[in-house]
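Quick notes on the structure that follows.
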Amino acid sequence: MKEVILDAETREIGSKSSLEGFRKQGKIPGVVYGKDIKPAAISVDSKAFMSIIEANGANVVINLKMKSGNQAALVKELQRNVLTQAPMHIDFQVISLKDEIEVMVPIHIDGVADGVKNFGGLMEFIVREVKVSCLPTKIPQKISVDVSSLGLGQGVTIADLPKFDGVAYLQEPSTLIVHVVTVTVEEEKPAEPVVGAEAAQPEVISKGKKDKEGEGAAAPAAGAKK
């Protein structure tokens, strides 16, 4: 496993405005916690953190370098701005490199299914990540699946996923990951012609009295008796 080091500074737990102050300085506020350690408020450099995640994936083991000592940790939760997707807050969970953990690993699709490319099918994703159990040093960055041979009605299950040394899939082997479905197009039915009495009767527009007396009544002709 490649060692990834990230400097972390302790901070005082403050108000919303103080958190915004950290972000304006190019830092991400966060917390670090874990078994047998006291939770601490920290901040990390935004560019350094995002560079690590982009290069290694969300499940990378990060060695947090703090004044109290280094701590191996995983990103347990990353909050982002809804509009800009900029990182807003990070939860780091301290782990032991000797104990197996359970994590979710993303699925990456390779190729274009034959049923989609040549028969007009549609690729439908059922799940986009799977749960595995392994040592932190063996967490896959992603699980790639080649779907190019899939025809209409065919799919990939947990049992079909590639095997990794020391990594166990925790979901049922029959769990469907992705499959190719047939696209059905409903033809628009032509309007049925109106026949019989309904067709013979013209639309009648009433010029007489309405529900309210005097409303919409026709004006009497000149010289007509009242």
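The values are calculated or read from the model by the stated rules, or taken from the named source; none is laboratory data. Since the model is a prediction, treat every value here as computed from it, not as a measurement. Because the Cβ atoms are built from the backbone with ideal geometry, glycine has one as well, and the counts that use them run over all protein chains shown. Please note that ligands, DNA and RNA were not included when accessible areas were found on the heavy atoms of the full protein model with its side chains. Shrake-Rupley method; radii C 1.70, N 1.55, O 1.52, S 1.80 Å.
Being open to solvent by 50 Å² or more (accessible area, probe 1.4 Å) and not in a loop (DSSP other than H, G, I, E, B) is the filter; apply it to the stretch 79-113 and report the residue that is farthest from SER17 (Cα to Cα).
Taking the candidates together, the pick is ASP110.
Filter the stretch 159-182 for residues that are open to solvent by 70 Å² or more (accessible area, probe 1.4 Å) and either touching a residue at least 40 places away in the same chain (Cβ under 8 Å) or within 12 Å of VAL127 (Cα to Cα) (or both) and give the result.
Hits for the stretch 159-182 are LEU170, THR182.
Only one of (1) modelled with pLDDT of 95 or more; (2) open to solvent by 90 Å² or more (accessible area, probe 1.4 Å) is not met by LYS225, so which one is it?
Against the list (1) modelled with pLDDT of 95 or more; (2) open to solvent by 90 Å² or more (accessible area, probe 1.4 Å), LYS225 comes up short only on (1).
Out of all the residues in the stretch 11-49, which are in contact (Cβ under 8 Å) with a residue 40 or more places away in the chain, within 18 Å of LYS76 (Cα to Cα) and open to solvent by less than 60 Å² (accessible area, probe 1.4 Å)?
Matches in the stretch 11-49: ILE28, PRO29, GLY30, VAL31, VAL32, GLY34, ILE37, ILE42, VAL44, SER46, ALA48, PHE49.
Give PRO140, PRO162, PRO173 a once-over and let me know the one that is in contact with a helix residue (DSSP H, G or I) (Cβ under 9 Å, 6 or more places away or on another chain) and assigned to a loop (DSSP other than H, G, I, E, B).
PRO173
Could you check VAL156 against (1) part of a strand (DSSP E or B); (2) of a type in the set (Val, Ile, Thr); (3) open to solvent by 90 Å² or more (accessible area, probe 1.4 Å) and say which number it fails?
Only one criterion is unmet by VAL156, namely (3).
May I ask you to list pairs of residues, at least six apart or on different chains, whose Cβ atoms are under 9 Å apart, with the first in the stretch 113-127 being touching a residue at least 12 places away in the same chain (Cβ under 8 Å) and within 14 Å of ASP146 (Cα to Cα) and the second being open to solvent by 80 Å² or more (accessible area, probe 1.4 Å) and in a strand (DSSP E or B)?
Final answer for the pair search is GLY115/LEU122; VAL116/LEU122.
Name the residue that is farthest from the chain's Cα centre (by Cα), counting only residues in the stretch 124-137 that are part of a strand (DSSP E or B) and over 13 Å from PHE164 (Cα atoms).
LYS131
May I ask you to list the residues in the stretch 125-150 that are loosely packed, with under 14 Cβ neighbours inside 10 Å and within 19 Å of THR182 (Cα to Cα)?
Listed by number, the residues that qualify are PHE125, ILE126, SER148, SER149.
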